[in-house]
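Input: a single structure, listed below in structure tokens.
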Amino acid sequence: MELTGLFFYLVSLLILGGIYALLCLALNIQWGMGGLFNAGIAGFYGVGAYSSAILTTAASSKHLGGFSLPVPIGLLGAAVIAGLAGWAVARICVRLKSDYLAMASIGIAEILRLVIVNEDWLTNGSLGLSRIPRPFGDLATGRMSDVVFLGFVWVVVLLVYLAASRLYDSPWGRSLRAIRDNETSAAAAGKNVEKFRIQTFVIGCAVMGIAGGLSAHYFRFLSPTATDPLLVTFLVWVMLMAGGSGNNRGAILGALSIWTLWSVTEIFTNRLPPEWATRSSFIRMLLVGLLLQVVLQKFRAGLLPEKSPPVKFRKEETGSG
């Protein structure tokens, strides 16, 4: 029984680690590739979570729903709606510099959170949504359904990783990194800086929406507490910085490493005396902060720093006259 419990603990750890890996890949597209400081991850995560939940749940008098669509369609809808929300935000805020963009995105995330809490007809307010289906629900029941969901999550992570890597190596990715490193020079070379930034922000928000949708289908219940900025925004930034900004593999490694530390420390903090147990979340955050300091002191660019792909030159054939 102890081995069984350990196995399913690892399954749960890897499922949430995969969801955080998606969030890190999305943030890596925005910050690591485009230099866009998005501090409102929780808002787009919440938009995706509620969109997928509403599209896939059965009819209810408590909230908008009743579409009962397949889960893959719900996740696609989450990506589209979160991407549209990102487009609306980018049209307003993308011209701002990094620190001002961070403040604006925090405000917009708070607006989205307040909409989720107060619009009962849409989200059932603070009571949340329940009976959210899982993909391939007929294949397994009980705890074995977690194993099936684990495979589904990591297939999505693999697809997003391959797409993000392709974007990084493409001419679009090289142009985006040129804008990140020197906006003035890129504009002088004829690059449409605003257009590239909007595209980057939209792509990242769409992936964040997918991560939110997967989280809703995993827990099968969704409430406004799921969009806690501490767990969805701050922790994701720590993961990316520790893993290596600008490196997709580093984003996944950082997500798995920090989430493992965060989860394992909960086991130890729960064994603390009662007067300390109430402060366990602050103790865990302190441990994560200390780990980040150690990592950045030894690996200033993260565990897996960014490495630009080699430039390939075409061999020109010269003919004899």
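The values are calculated or read from the model by the stated rules, or taken from the named source; none is laboratory data. All values derive from a computational prediction rather than experimental measurement. Every residue, glycine as well, gets a Cβ built from its backbone with ideal geometry; the counts of neighbours run over all protein chains shown. SASA here: full protein model, heavy atoms, side chains in, ligands and nucleic acids out. Shrake-Rupley method; radii C 1.70, N 1.55, O 1.52, S 1.80 Å.
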>> Show me, for the stretch 253-263, the HN-Hα J-couplings you get by feeding each phi into the Karplus relation (A = 6.51, B = -1.76, C = 1.60, θ = phi - 60°), rounded to Hz, glycine and proline as x.
In response: 4, x, 4, 5, 5, 5, 5, 4, 4, 4, 6
> So what J values fall out for the stretch 164-177 if you push phi through Karplus, 6.51 cos²θ - 1.76 cosθ + 1.60 with θ = phi - 60°, rounded to Hz, Gly and Pro as x?
Replying inline: 5, 5, 5, 5, 5, 7, 7, x, 4, x, 5, 5, 5, 5
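Could you please put LEU84, LEU150, LEU272 in sequence from largest to smallest accessible area, using a 1.4 Å probe?
Numbers: LEU84 105, LEU150 35, LEU272 65 Å².
Highest to lowest solvent-accessible surface, that is LEU84, LEU272, LEU150.
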> Among ASN28, ASN247, ASN192, whose mean-square fluctuation peaks in a Gaussian network model of the chain (Cα, cutoff 10 Å)?
Replying inline: ASN192
> Rounded to the nearest 0.05, what FRET efficiency do ARG300 and TRP154 have when you use their Cβ-Cβ distance and R0 = 35 Å?
Replying inline: 0.70
> For THR141 and SER280 in the same chain, what is the full-extension length gain: residue separation times 0.36 nm, less their Cα-Cα distance, in nm?
Replying inline: 46.7 nm
> Helix 280-298 sits at what angle to the longest principal axis of the chain, using alpha carbons and giving 0 to 90 degrees rounded to 10?
Replying inline: 20
> Using mean Cβ contacts within 10 Å as the protection proxy, how do 263-271, 161-169 order, highest first?
Replying inline: 161-169, 263-271
>> Residues of the stretch 82-109 with the amide nitrogen closer than 15 Å to a label point 7 Å from the Cα of LEU69, along Cα-to-Cβ, please.
In response: 82-85
> Going by alpha carbons, how many degrees (0 to 90, nearest 10) lie between the helix axis of 2-27 and the longest principal axis of the chain?
Replying inline: 40
> Who wins for biggest fluctuation among LEU214, LEU287, LEU69 in a Gaussian network model of the chain, springs between alpha carbons below 10 Å?
Replying inline: LEU287
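How many percent of the alpha carbon pairs in the stretch 1-119 exceed a separation of 22 Å? All intermediate terms of the calculation are to be shown ahead of the outcome.
Details: 3263 of 7021 pairs.
Tail of P(r) above 22 Å: 46 percent of Cα pairs.
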> How far is helix 71-93 tilted, in degrees, relative to the longest principal axis of the Cα atoms in the chain, given as a value from 0 to 90 rounded to the nearest 10?
Replying inline: 60
